[in-house]
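The values are calculated or read from the model by the stated rules, or taken from the named source; none is laboratory data. No experiment lies behind these values; they were computed from the predicted model shown. We place every Cβ from the backbone using ideal geometry, glycine too, and count neighbours over all the protein chains shown. Just the protein is used for accessible areas: all its heavy atoms, side chains included, with ligands, DNA and RNA removed. Shrake-Rupley method; radii C 1.70, N 1.55, O 1.52, S 1.80 Å.
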Amino acid sequence: MNRRGWVLLAAWCGLLALGLFWVQTHLSVSADLRLFMPSPRSEEQRLLIQNIGESPASRLLLLAIDGPGPDELAALSKRYAAALGARDEFAFVANGEQAPPVMPDKLLAYRYLITDSFDAAPLDEPGLVAALEERAADMASPAAGFLEEWLPRDPTLELLHLAQRWQPRAEPHQVDGVWFAADGKRALLLVQTRAAAFDPDGQTRALGILQELFAQARGAVPAALTISGTGYFSAVIRNRTQYEATWFGSLDTIGLVTLLWLAYRRFVFTVLGALPLLTAGLAGLTAVSLAFDGVHGITIAFGFTLIGVAQDYPIHLFSHLRRDETTLTTARKVWPPLATGVASTCIAYLAFLMSGVTGLAQLACLTITGLLAAGLTTRFLLPRIAPLPGSDPARSAWLARLNQRIEGLPRPYVLVVAIPLAALAVFAWRPEGFWENNLSKLTPVPPELLKRDAELRREMATPDLRYLLVASGATQDAVLAGLESLDQPLDAAVREGAIGSFEHAAQYLPSAALQEKRRAALPEAAALRTMLATATAQSPFAADVFAPFLADVERARGLPPLTRADLRDTPLDLRLGSELFTRDGHWYGLVSLYDVHDPRAVAKLARAGTVTFLDLKAASEQLVAAQRAHILVCLEIAAALLVLVIVVTLRRWSRVLRVLAPMILTTLVILAILRASGVSLSLFHLISLVLAAGLGLDYALFFEHAAADPAEQQRTLHALLVCSATTLLVFALFSLSTVPILQAIGVTVSLGVLSNFLLALLLTRERAKA
């Protein structure tokens with residue numbers, strides 16, 4: 001390398017260092033998986049997207065303790081719950097021993113505004129007489145000790161009524177006052193983290209504290225802790241992906257360095273070949289960080305995987321270098337097929353830029369920018385610093401023998417007909433489940449974790465996760481009023497067996513209008529005193545005993561309606577947090593449903609504009625299907641543009657068909673193998689198919705460009721053997737991943753590499769001239 005080359009290399013490395021510094025200081029990495037969710041097209045889908053990851057319910061972690069006998073487990077559960085409750089990282093901890101949420105002393109008088117005891121019949125003399133008769137009987141029961149304290153203030157036992165109303169509609173089995181699984185072999189706890197479900201850093205910290213405090217509470221007890229929930233999945237996926245990425249990255253690096261050294265026998269080519277790839281990565285990250293507020297971690301991982309094809313660009317240059325011509329001359333020769341391949345691949349990824357999915361748009365931006373940067377630097381910078389090879393790797397004896405054997409192979413043009421027919425036969429044999437619409441199966445969460453989560457939720461008696469009624473309105477009070485209007489039809493649904501029970505925020509905080517109505521119905525002080533005197537005359541109680549009761553009712557008559565702000569920092573506010581919330585200036589109230597037996601009956605309770613019936617499974621499937629249809633249209637447009645580029649470049653239809661045939665046939669081969677294996681296709685398969693198609697086009701373009709020149713064919717064979725080997729190494733390792741999405745991508749692209757190379761070799765490469 002001359003002095004000019006060293007200066008250019010230093011400048012290039014300096015720019016890379018500056019780019020790395022800029023990316024490190026400006027790139028914001030997000031962990032919100034909703035960036036990969038399709039754009040909502042209906043109110044149901046909008047509610048689905050809004051509440052994934054942010055709602056308090058999504059922050060719940062389900063804990064199970066397995067170990068010794070029930071007595072030791074119950075004691076351990078109590079110690080553990082007490083330790084967790086003292087930590088700020090957790091907003092809520094429950095193990096069954098907690099009493100129902102109660103009102104602070106300063107708000108006790110509000111019980112007459114929030115109880116429903118007097119909605120059907122007012123607080124009157126007959127009611128007081130009946131209540132005091134019951135209290136007299138109660139004083140002769142074991143509950144007398146409790147009643148003696150509260151009786152003067154609450155002769156109608158409104159506090160007890162509210163506590164019973166606020167009890168969970170369904171609870172797990174209890175042993176010694178704490179929750180247990182039905183078989184009595186594991187203690188159960190429920191924890192709500194303050195960190196959002198899709199904040200893997202916050203969730204990882206919370207999980208570390210859970211494990212640390214469990215070890216302290218357990219002591220010498222031989223017990224084990226099981227954790228599940230959305231936040232747990234977020235942390236596990238991130239940690240598992242990072243672990244596998246570290247190992248796969250290390251193995252890939254070792255493998256690539258080894259392959260490139262074997263291919264060129266000079267370490268300098270390995271180092272120089274990494275420069276376009278590094279440029280691609282930094283250029284892509286810079287572009288996506290400028291175009292978007294934050295970049296998802298999956299975008300970065302997938303993007304670097306997709307721009308890995310840029311590793312092929314310097315390989316094409318290095319394999320075509322000759323001792324008798326300059327590197328710039330070689331670069332000009334390989335540029336036409338290389339430029340066509342780069343342009344075609346970028347066009348294919350334009351479909352994801354127009355997909356309407358933020359994560360895919362980020363992915364397309366990163367990939368397109370990266371590939372363009374890699375292609376341009378391979379053409380204009382790399383030839384100016386790359387040395388000539390010490391020996392010509394494309395003229396080795398083993399490659400000559402392999403090339404000669406390939407020349408003797410027949411050209412099986414029958415595959416052009418046989419592969420489509422075989423694929424159609426497979427599609428006809430397995431027509432069902434062609435597309436995967438179930439979001440739970442598209443998640444990177446391993447199936448065994450999802451199964452364990454479902455088992456714990458059954459044990460915990462949590463509400464139905466699929467069906468919800470959602471009341472909406474411009475204000476919090478409008479939502480509460482809407483929830484109250486659902487009480488009668490929901491009670492009817494319970495009586496008819498459509499649902500087991502229900503729960504919503506207005507059961508804890510009635511609307512202002514209902515509180516005003518209840519306040520107005522309370523008797524005046526003089527009237528209540530007269531009624532109470534008559535009632536006590538027929539009971540063993542003295543009238544002056546109930547002075548605190550008279551004071552509370554009179555105080556309630558002058559209170560303003562209870563608000564959410566009054567309940568701040570109370571257990572009631574915590575209960576409201578998961579069922580009453582605001583998004584984008586609009587308020588929502590969730591109706592949790594238990595034991596839904598007749599979803600259609602519940603759906604009839606929906607009212608346009610105010611109450612929405614949400615079938616989360618159906619809404620998500622419709623969302624995925626609609627978005628996939630949109631992406632497929634974008635891909636069809638991209639395919640038309642791609643063909644146009646090939647036609648303009650190659651000019652003859654015979655050449656165009658020879659270049660496109662391996663890519664089209666490989667797509668059919670991959671689809672047929674996946675469907676024959678019972679695999680339903682997802683969005684991630686589409687991304688993989690586009691990548692495989694880009695590889696196939698690259699292989700075919702270079703084989704076609706070599707024409708019938710034996711020397712050029714041998715150099716092209718060397719280049720594509722190295723390219724396909726390096727790509728196959730990366731994606732074969734992905735196919736071993738324990739993360740389902742990475743495994744699907746690895747299998748799909750590995751099939752594509754093998755099929756594209758063989759078909760391009762057999763169908764696109766011309767027979768050499770003698």
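Quick notes on this one:
- All positions within segment 490-527 that are within 16 Å of LEU113 (Cβ to Cβ), touching a residue at least 60 places away in the same chain (Cβ under 8 Å) and not in a loop (DSSP other than H, G, I, E, B): ALA505, ALA506, GLN507, GLN515, ARG518, ARG519, ALA521
- Residue match in segment 737-747 (condition: out of contact with any strand residue (DSSP E or B) (no Cβ under 8 Å at 6 or more places or on another chain) and at pLDDT 90 or above): yes
- Of all residues in segment 641-674, those satisfying the criterion of being assigned to a helix (DSSP H, G or I) and of a type in the set (D, E, K, R) are ARG655, ARG658.
- Filtering THR226, THR241 for residues that are in contact (Cβ under 8 Å) with a residue 12 or more places away in the chain, open to solvent by 30 Å² or more (accessible area, probe 1.4 Å) and among the polar types (S, T, N, Q) leaves a single hit, THR241.
- Test: SER234 is open to solvent by less than 40 Å² (accessible area, probe 1.4 Å) and either free of Cβ contacts under 8 Å to residues at least 12 places away in the same chain or in a helix (DSSP H, G or I) (or both): yes
- Meeting the requirement of 3 or more residues that are touching a helix residue (DSSP H, G or I) at 6+ places or on another chain (Cβ under 8 Å) and crowded, with 17+ Cβ neighbours inside 10 Å, the strands (runs of 3 or more DSSP E) wholly within segment 126-195 are 178-180, 186-193.
- THR345 vs. criteria at pLDDT 90 or above and either open to solvent by 10 Å² or more (accessible area, probe 1.4 Å) or of a type outside the set (Asp, Glu) (or both): no
- Selected residue (criterion: nearest to the chain's Cα centre (by Cα)) from residues of segment 554-563 that are crowded, with 17+ Cβ neighbours inside 10 Å and assigned to a loop (DSSP other than H, G, I, E, B): LEU562
- Residues that are surrounded by fewer than 22 Cβ atoms within 10 Å (Cβ to Cβ) and touching an Asp or Glu at 6+ places or on another chain (Cβ under 7 Å), drawn from segment 682-710: SER682, ALA707, ALA708
- Top-ranked residue in segment 608-618 [being in contact with a helix residue (DSSP H, G or I) (Cβ under 8 Å, 6 or more places away or on another chain) and over 29 Å from GLU436 (Cα atoms); ranked as least open to solvent (accessible area, probe 1.4 Å)]: VAL611
- Residue in segment 682-696 that is out of contact with any Ser or Thr (no Cβ under 7 Å at 6 or more places or on another chain), at pLDDT 90 or above and hydroxyl-bearing (Ser, Thr, Tyr) present: no
- Leading residue by the ranking (most open to solvent (accessible area, probe 1.4 Å)) among those in segment 711-770 that are closer than 30 Å to ARG323 by Cβ and of a type in the set (Gly, Ala, Ser): ALA770
- Count of segment 403-424 residues, restricted to those that are over 20 Å from ALA661 (Cβ atoms) and open to solvent by 60 Å² or more (accessible area, probe 1.4 Å), is 3.
- Residue tally, condition within 25 Å of GLY558 (Cβ to Cβ) and of a type in the set (Gly, Ala, Ser), over segment 472-483: 1
- Within segment 356-385, the set of residues being open to solvent by less than 10 Å² (accessible area, probe 1.4 Å) and not in a helix (DSSP H, G or I) comprises VAL357 only.
- Among residues of segment 484-525, those that are basic (Lys, Arg) and more than 30 Å from GLY558 (Cα to Cα), counted: 1
- Among the numbered conditions (1) surrounded by fewer than 20 Cβ atoms within 10 Å (Cβ to Cβ); (2) more than 30 Å from GLN242 (Cα to Cα), the only one that LEU450 does not meet is (2).
- Within segment 386-408, the residues that satisfy the criterion of being free of Cβ contacts under 8 Å to residues at least 12 places away in the same chain and either part of a helix (DSSP H, G or I) or under 48 Å from the mean Cα position of the chain (by Cα) (or both) are ALA397, TRP398, ARG401, GLN404, ARG405.
- Of everything in segment 659-681 that is among the polar types (S, T, N, Q) and surrounded by fewer than 21 Cβ atoms within 10 Å (Cβ to Cβ), the residue that is farthest from PRO412 (Cα to Cα) is SER680.
- Single residue of segment 66-86 satisfying the filter (modelled with pLDDT of 90 or more and not aliphatic (A, V, I, L, M)) that is surrounded by the fewest Cβ atoms within 10 Å (Cβ to Cβ): ASP66
- Test: ALA215 is of a type in the set (Gly, Ala, Ser), open to solvent by less than 10 Å² (accessible area, probe 1.4 Å) and over 30 Å from PHE734 (Cα atoms): no
- Of the residues making up segment 255-298, those that are over 32 Å from the mean Cα position of the chain (by Cα) and of a type in the set (D, E, K, R) number 2.
- Qualifying residue in segment 589-605 (condition: open to solvent by 30 Å² or more (accessible area, probe 1.4 Å), outside any loop (DSSP other than H, G, I, E, B) and of a type in the set (Ser, Thr, Tyr)): no
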